[in-house]
Amino acid sequence: MAASYIDSYYTRTANAGAVGSALDGVMEVDVCVVGGGLAGLSTALGLVERGASVVLLEAHRVGWGASGRNGGFVSAGFSKSLRALERRLGRDHAQALYGLSRDAVALIRQRIETYAIDCGPIVDGTIRASWFDDPDSLKRERDYMAAMTGVAEAFWPREKLGALLLSERYYDGLFDPEGFQFHALNYSLGLAVAARSKGARIFEGARVTALQLNGPMKIIRTRTGEVRAAAVVMACGGYIAGLHRKMSGATIPVATYVAVTEPLGDRLRTAIRTPHAVHDTRFALDYYRPLHDSRILWGGRISVRQSEPPGLAGLMRGDLLKVYPQLAGVKMETAWGGLMSYATHKMPQIGEAAPRVWYAMGFGGHGVNTTTMAGELVAGAIAERDDRYRLLAPFGLTPTAGPIGAAAAQLTYWFYGLRDALKD
């Protein structure tokens, strides 16, 4: 039996209907995808669109992990900044990578329309609100992005931003017209329905118990069945948990948290007077968006602990009130956490670990567009010998050093948080 979803705003407002069944017996296909999050679903859909036969195995439910619990922000880019990519790889390579991520945002929009995925309301535009009084830095960033990517972000001076976000915490801001927001779980479910309509077979509650990946035929076993495939794609994200030693050893599961307020009605306008999604300019940032029913979805915090911290709703409420103290007394109706997969190099990990054994992971911090990007790159590589995935070759399966790497990641988060506080 597939494990149920954790309680969240998304599950409470999800589209009804099962998208997977239980695996029973032996199946043979071109490709087996392990993991039913956005990376696995995007890969499966990309493959069946190209004519391949596909089985997707999900241990829990489609979109059960970070893919169905995230903030619902869709925008181009990576956790690693474009400036850092340019310094390491050169201008042309960095631009090509950013172009792939931007294409993925366009593909998400296209798939929503093509497959009539009900994941709205879709609200265009995202705001980067500056926590620091440094308008020149924002303008330099705007100009740099325009020169490197052609994206025309708008600089919003303090007066304009302050009329929309009624907080003393913010100064100026940048507005990205290409980003948007959606219902993350409903999009995941919609992708599954689309893939199934094209012929993919999706199984939920199908936890992989053994992998036999040597030889021309890959064998993937679950408790109740077996899949034999010419190729396998591992797309398990933060929940790979030792399933494949090399891949597990190259990612750090990192938790982040989200909460949703009660409906605020007219009180919402005492704090937020824009429908756009918002994030600030700190390393340890808050990200949030007003929902159509006058609630606020609020996300933030990062931890390598995998259990939910005590009093999570109260912690998230405290973060909200630091920005909008006028909302004192607001109740958080739901609060939840989830695991993202991070690599030490802060870039997605997309490639071939062994002949016809593919991986797609490491999407923490910018997952919606990069999971879609990964799905297209891997599907194209398997079905069409498209080699664009090699643009990610500098960012492979770098070992994380296990618990030591996780501790280092937590210390890094705390260090940058302290740096933000000192700068403030």
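The values are calculated or read from the model by the stated rules, or taken from the named source; none is laboratory data. Note that the structure is a prediction, hence the values are computed from the model and not measured. Counting neighbours? That spans all protein chains shown, and the Cβs are built from the backbone with ideal geometry, glycine included.
Observations
- A284 being crowded, with 19+ Cβ neighbours inside 10 Å, in contact (Cβ under 8 Å) with a residue 60 or more places away in the chain, at negative phi and among the small types (G, A, S): no
- Residues located in the range 383-397, provided they are assigned to a helix (DSSP H, G or I) and touching a Lys or Arg at 6+ places or on another chain (Cβ under 8 Å): A383, E384
- Subset of the range 214-235 (residues that are touching a residue at least 60 places away in the same chain (Cβ under 8 Å), in a strand (DSSP E or B) and hydrophobic (A, V, I, L, M, F, W, C)): I220, V227, A229, A230, A231, V232, V233, M234
- Sole residue being under 26 Å from G249 (Cβ atoms) and of a type in the set (A, V, I, L, M, F, W, C), chosen from A313, A335, A379: A379
- Number of the exception - Q95 against (1) in contact (Cβ under 8 Å) with a residue 24 or more places away in the chain; (2) farther than 22 Å from L107 by Cα; (3) surrounded by fewer than 20 Cβ atoms within 10 Å (Cβ to Cβ): (2)
- All of (1) over 22 Å from A241 (Cβ atoms); (2) at pLDDT 95 or above hold for Q349 with one exception: (1).
- Scanning the range 263-279 for residues that are part of a strand (DSSP E or B) and either out of contact with any Gly (no Cβ under 9 Å at 6 or more places or on another chain) or free of Cβ contacts under 8 Å to residues at least 40 places away in the same chain (or both) yields a total of 1.
- The set of residues from the range 237-262 being part of a strand (DSSP E or B) and out of contact with any strand residue (DSSP E or B) (no Cβ under 9 Å at 6 or more places or on another chain) is empty.
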